[in-house]
Amino acid sequence: MDDLVERVAMSIYDKDVLRIALGDLETAWKSDRDDIRADFRARARAVIAVMREPTEAMVDAADIAQYQLGYGGVVEAWQLMIDATLNPTACATATS
């Protein structure tokens, strides 16, 4: 599973007290209703959207990485990565 939205959704789902009785996470996730999984995916997208804007500490770390390692456009790269997670179709179109 390499879809960030799905991974975050399952992490939130795993923390839901009601899900503990359903056994292992992946089995519980796959056996639950589509609308419930969709709700957790919506929560995950909201969390990921918040991460789109880096904190000052993140920007500082990126600046250090850029200075020490020569990376450029770290903030833009971060935002593009988050955008790609939230809307993969639009990003694939924009980058091709």
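Readers should treat all values here as calculations from the given coordinates under stated rules, not as data from a laboratory. Here the structure is a predicted model, which is why all the values come from computation and not from measurement.
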Can you work out the base-10 log of I(q)/I(0) for the stretch 33-85 at q = 0.13, 0.14, 0.16, 0.29 1/Å, using the Debye formula on its C-alpha atoms alone? -0.43, -0.47, -0.56, -1.06
Per 0.36 nm of contour for each residue apart, how much would the distance between V75 and I12 grow if the chain were fully extended, relative to their Cα-Cα spacing? 20.0 nm
